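Each remark here refers to the structure printed beneath this line.
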Amino acid sequence: EPIIEDVRTAELFLDDDRGDIHQGDRVLLIVEDDPNYAKVLLEMARDRGFKAVVAQRGSAALALAREIKPDAITLDIRLPDFDGWRVLDRLKVDLATRHIPVQIFSVAEEDGQPLHEPCMCSRTTPSR
């Protein structure tokens, strides 16, 4: 039986693996509001042996990180409810999620925003 049966969020549901996560699965939480790019990341994760769950809002990402306890997180900096830096900060001060590696993705360089120490690295994605 899956570890999580249903994570309720107010988001557009993508065909991710949230209903098919079992003990021992490697899980990636994809935090990305662009459904097309989220699908690309979802397929890349699956190709590399991960189950993947997509969150399109920062609030959903925080709830899902605590719920599914992913092995890693990809994080877009520009999200509709609050920015990814705030999500990263909340992930890293929470004892339940601070150990999870985070890779930051952004459409453009964030002017004046220093790269936070707890994240693995950052990547600039192509413009939407």
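Before moving on, here are some points about what is shown:
- Within region 63-91, the set of residues being small (G, A, S) and on the phi > 0 side of the Ramachandran plot is empty.
- Residues of region 24-72 that are touching a residue at least 40 places away in the same chain (Cβ under 8 Å), of a type in the set (A, V, I, L, M, F, W, C) and not in a helix (DSSP H, G or I): V27, L28, L29, I30, V31, V53, V54, A55, A72.
- Checking each residue in region 87-103 for being farther than 20 Å from R26 by Cα and open to solvent by less than 80 Å² (accessible area, probe 1.4 Å) picks out V87, L88, K92, D94.
- Tally, over region 71-94, of residues that are more than 9 Å from the chain's Cα centre (by Cα) and either within 26 Å of H22 (Cβ to Cβ) or of a type outside the set (A, V, I, L, M) (or both): 14
- Complete set of residues in region 37-70 that are in contact with a strand residue (DSSP E or B) (Cβ under 6 Å, 6 or more places away or on another chain) and over 12 Å from T97 (Cβ atoms): A38, L41, L42, A45, F50, K51, A52, V53, V54, A55
- Qualifying residues in region 73-86 (those that are part of a helix (DSSP H, G or I) and out of contact with any Lys or Arg (no Cβ under 9 Å at 6 or more places or on another chain)) - the one most open to solvent (accessible area, probe 1.4 Å): R86
- Residues within region 37-70 that are open to solvent by 80 Å² or more (accessible area, probe 1.4 Å) and under 24 Å from R86 (Cβ atoms), tallied: 4
- From the list I21, I3, the one residue that fits, being surrounded by 14 or more Cβ atoms within 10 Å (Cβ to Cβ), assigned to a loop (DSSP other than H, G, I, E, B), at pLDDT 95 or above and of a type in the set (A, V, I, L, M), is I21.
The values are calculated or read from the model by the stated rules, or taken from the named source; none is laboratory data. The structure presented is a predicted model; accordingly, all values stated were derived computationally and were not measured. A quick note on method: Cβ atoms are made from the backbone with ideal geometry, for glycine too, and the neighbour counts reach across all protein chains shown. The accessibility values were calculated without ligands, DNA or RNA, using every heavy atom of the protein model including side chains. Shrake-Rupley method; radii C 1.70, N 1.55, O 1.52, S 1.80 Å.
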